[in-house]
Every structure is written in structure tokens, then in C-alpha cells.
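The values are calculated or read from the model by the stated rules, or taken from the named source; none is laboratory data. All of these numbers come straight from a predicted model, not from anything done at the bench. FYI the Cβ positions are ideal-geometry reconstructions off the backbone, even for glycines, and counts take in every protein chain you see. Accessible surface areas use protein heavy atoms only, side chains included; no ligands, DNA or RNA. Shrake-Rupley method; radii C 1.70, N 1.55, O 1.52, S 1.80 Å.
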Amino acid sequence: MEQTLFDNDPALRMRDSKGRFATPERAYADKAIEENKYLRLEVEKYRRAYLAAGAMSSRYHRELLKVKAELKELLRKTESV
């Protein structure tokens, strides 16, 4: 294999997210930007799941309180009879 002057040049080995040649600093910055975008999407996904679970839990809690009140009323009626 023939060696050239550019074999050890890191600028020619580093690429950005679009596949273009980049300096090591630019390539690492681009990776950080892309990872940040990905993590923000993950945060939004989990935040929405949390909000949905919270709303569902709240609804079931209200239903539980309603059923408990009905049960208490029924028990009070049966005790008085």
C-alpha cells in the first residue's frame, strides 16, 4: 500500500454529520450538537409519557374516591336497616 502525505492528517479523517471533511474540533462539536438534539427528543418523549401517566393516575384516583364514597354510603345504609 502506498503512503501519501495525507495519511496521518486528522482533518481528512474527521467528518461532520453531513459527511463533509471537518477539523477534529468541528467534528466533535457537530457530534455534540447531534447528540443534544437526540437527547432533547428523548426528554420530550419521556415528559409526555409522564404527563399522560399522571393524568391517568389522577383520573383513576378520582374514580377510586367516588367508589369508596358509594361503598361507605351503602355500608351506612345496611347498618341502619
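Taken together, E73, E34 contain a single residue that is in contact with a Ser or Thr (Cβ under 7 Å, 6 or more places away or on another chain), open to solvent by less than 90 Å² (accessible area, probe 1.4 Å) and of a type in the set (D, E), which is E34. All of (1) within 26 Å of the chain's Cα centre (by Cα); (2) open to solvent by 100 Å² or more (accessible area, probe 1.4 Å); (3) within 30 Å of M14 (Cβ to Cβ) hold for R26 with one exception: (1). Taken together, K77, K31, K66, K45 contain a single residue that is touching a residue at least 12 places away in the same chain (Cβ under 8 Å) and either in a helix (DSSP H, G or I) or within 30 Å of R13 (Cβ to Cβ) (or both), which is K31.
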